1. Taking the range 64-89 on its own, how many of its residues are over 14 Å from F46 (Cα atoms) and in contact with an Asp or Glu (Cβ under 8 Å, 6 or more places away or on another chain)?
2. Going by what's in this entry, would A19 be described as loosely packed, with under 15 Cβ neighbours inside 10 Å, on the phi > 0 side of the Ramachandran plot and modelled with pLDDT of 95 or more?
3. Go through the range 56-89 and count every residue that is under 16 Å from V21 (Cβ atoms) and surrounded by 13 or more Cβ atoms within 10 Å (Cβ to Cβ).
4. Taking the range 51-80 as the search range and keeping residues that are in contact with a helix residue (DSSP H, G or I) (Cβ under 7 Å, 6 or more places away or on another chain) and acidic (D, E), which one is modelled with the lowest pLDDT?
5. Looking at the range 25-50, which of the residues that are part of a strand (DSSP E or B) and touching a helix residue (DSSP H, G or I) at 6+ places or on another chain (Cβ under 9 Å) is modelled with the lowest pLDDT?
6. Take the residues in the range 1-16 that are among the polar types (S, T, N, Q) and part of a helix (DSSP H, G or I); name whichever of them is modelled with the lowest pLDDT.
7. Would you mind telling me which numbered condition in (1) farther than 20 Å from G7 by Cβ; (2) in contact with a Phe, Trp or Tyr (Cβ under 7 Å, 6 or more places away or on another chain) K58 fails?
Amino acid sequence: MTLGPVGQKIAARLTAAFAPVDLMVIDESAQHHGHAGAHPQGESHFRIKIVSEAFKGKTRVEQHRMVNMELAEELKHRVHALAIEAKAP
């Protein structure tokens, strides 16, 4: 799957912040077309799978907060839904 500009920005921000050993950014917007919060041009619903040393010793809530803080700008303006699967290696 090729990511659009929003997905690419998400991937770049997460890579810079967490130096992940594995990262998948999946645009699930097509599954939500016509739903509340869906952006007409898409790129509003994402699933993130990230594995990073930065998450070592952190609870799931702490890991999700870290990701949400890093993507705060995108969540404020364009991204309506973000599913996060974060873990340490």
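1. Residues meeting the conditions: 2.
2. Considered against the rule, which asks whether it is loosely packed, with under 15 Cβ neighbours inside 10 Å, on the phi > 0 side of the Ramachandran plot and modelled with pLDDT of 95 or more, A19 comes out as yes.
3. Within the range 56-89, residues that are under 16 Å from V21 (Cβ atoms) and surrounded by 13 or more Cβ atoms within 10 Å (Cβ to Cβ) number 8.
4. E74
5. My answer is H45.
6. Top of the filtered list is Q8.
7. Going through (1) farther than 20 Å from G7 by Cβ; (2) in contact with a Phe, Trp or Tyr (Cβ under 7 Å, 6 or more places away or on another chain) one by one, K58 breaks only (2).
The values are calculated or read from the model by the stated rules, or taken from the named source; none is laboratory data. None of the values given here were measured: they were computed from a predicted structure. Cβ sites come from the backbone with ideal geometry, for glycine too, and all protein chains shown count toward neighbours.
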